[in-house]
Amino acid sequence: MNNLGKFFSYTIGAVVGGLVGGTIVLLTTPKKGEEFRNDIKDAASTIQQPLKDAANSISMVKDRVIALKDESMPILKSTVSDLGNLLQEWKEDVQPYLTKIKNNVVQLEAAKDKLANKMTEHSPEKKPGEEETPPSL
């Protein structure tokens, strides 16, 4: 969950919790009808301004997030495009080297095979069961 979602969750939780708590306190307090109605009106008027402020804050945050998204999208698109172009240029720059390395590997493998064949041709044949003795130091 992002920070904006957390902010909304906490704000809504605080408002709902305040309303529920206030309602429970008012309902469980033994008072006369008129006094009780006055208390409810006072509580409602006390809660109205913070609710309006919270709604305004949420609206301002939402507007700012939308503005940031609108400002950042062209920059992100341009950056992605630039990265794609750089990657393509890099591939074009590296391709000749890759081809040269592949050719060198093929040549090395051919030389290795040629050397192995020469060594096989010039080595004396071993009888089955003969072990190779390591050269002495």
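The values are calculated or read from the model by the stated rules, or taken from the named source; none is laboratory data. Source: prediction; values computed, not measured. Positions of Cβ are generated from backbone atoms using ideal geometry, with glycine treated the same way; all protein chains shown enter the neighbour counts.
Return yes or no: is ASP63 under 26 Å from LEU27 (Cβ atoms), acidic (Asp, Glu) and free of Cβ contacts under 8 Å to residues at least 12 places away in the same chain?
Taking the combined requirement at face value, the residue does not satisfy it.
Where the second residue is modelled with pLDDT under 80 and aromatic (Phe, Trp, Tyr) and the first is assigned to a helix (DSSP H, G or I) and lies in segment 13-39, which pairs have Cβ atoms under 8 Å and are six or more apart or on separate chains?
Correct list of pairs: LEU26/PHE36.
Being out of contact with any strand residue (DSSP E or B) (no Cβ under 7 Å at 6 or more places or on another chain), in a helix (DSSP H, G or I), closer than 27 Å to THR11 by Cα and modelled with pLDDT of 85 or more is true for just one of ASN103, ASN117, ASN85, ASN56. Which residue is that?
It is ASN56.
Of all residues in segment 78-110, count the ones that are of a type in the set (D, E, K, R) and over 36 Å from the mean Cα position of the chain (by Cα).
Total meeting the criteria: 3.
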